[in-house]
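> My questions all concern the structure below.
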Amino acid sequence: MKILVVDDEHDVQLLFQQRFRKEIKGGTVHFVFAFSGEEALRTLQEMEHKAVLILSDINMPGMSGLELLEKIRKDYDKPPPTVMMITAYGDQDNRDTAARLGADDFLTKPLEFAILKEKLKAIL
């Protein structure tokens with residue numbers, strides 16, 4: 001499974017690589033990282049839409065995760081990727097907006113990796 005992680009915090013890359021070490025080594029997941037919404041769109045183009053899952057932070061400088069979600073739902077519909085929004089702010093407005101824009105799930109920081117892994121199993 002190809003997973004695009006979008007977050008402006010660069011330490012997220014090391015965290016995901018540590019928490020998914022076994023899955024990465026076993027080849028069940030392959031992570032690609034983008035550190036802005038704009039970079040995520042370029043990465044999706046380079047991947048030729050092969051991301052199965054996109055995990056995106058909501059609050060980022062420049063293009064927000066919600067703006068990114070809106071563009072993904074508009075431009076990447078064949079096949080549509082699963083998009084999970086991740087934020088430190090679990091307020092209802094963000095949840096409602098993410099749902100309205102087509103988010104498949106909504107996770108809060110600090111991320112519970114055991115819960116994320118269970119959700120990934122359901123997708124596989």
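The values are calculated or read from the model by the stated rules, or taken from the named source; none is laboratory data. Here the structure is a predicted model, which is why all the values come from computation and not from measurement. Cβ coordinates were reconstructed from backbone atoms using ideal geometry, including for glycine residues, and neighbour counts include every protein chain displayed.
A quick yes/no check of all residues on (1) out of contact with any strand residue (DSSP E or B) (no Cβ under 8 Å at 6 or more places or on another chain); (2) more than 21 Å from Ala122 (Cβ to Cβ):
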{"residue": "Ala34", "(1), (2)": "no, yes"}
{"residue": "Ala51", "(1), (2)": "no, no"}
{"residue": "Gly65", "(1), (2)": "no, yes"}
{"residue": "Arg100", "(1), (2)": "yes, yes"}
{"residue": "Leu107", "(1), (2)": "no, no"}
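> Then there is this: Tell me which residues, restricted to the stretch 1-52, are among the aliphatic types (A, V, I, L, M) and within 14 Å of Leu111 (Cβ to Cβ). Quick ask: steps written out before the conclusion?
Keep residues of the stretch 1-52 that are among the aliphatic types (A, V, I, L, M), which gives 1, 3-6, 12, 14-15, 24, 29, 32, 34, 40-41, 44, 47, 51-52.
Once the filter is applied, which keeps residues that are among the aliphatic types (A, V, I, L, M) and within 14 Å of Leu111 (Cβ to Cβ), the stretch 1-52 yields Ile3, Val5, Val6, Val12, Leu14, Leu15.
> For Phe31, work out the one condition from (1) at pLDDT 95 or above; (2) within 11 Å of Leu4 (Cβ to Cβ); (3) assigned to a helix (DSSP H, G or I) it doesn't fulfil.
Checking Phe31 against (1) at pLDDT 95 or above; (2) within 11 Å of Leu4 (Cβ to Cβ); (3) assigned to a helix (DSSP H, G or I), the one that fails is (3).
> Kindly list the number of the only condition in (1) in contact with a strand residue (DSSP E or B) (Cβ under 6 Å, 6 or more places away or on another chain); (2) surrounded by 19 or more Cβ atoms within 10 Å (Cβ to Cβ) that fails for Lys2.
Failing condition for Lys2: (2).
> For the stretch 20-61, which positions are closer than 17 Å to Thr82 by Cβ, of a type in the set (S, T, N, Q) and more than 13 Å from the chain's Cα centre (by Cα)?
Result: Thr28, single match.
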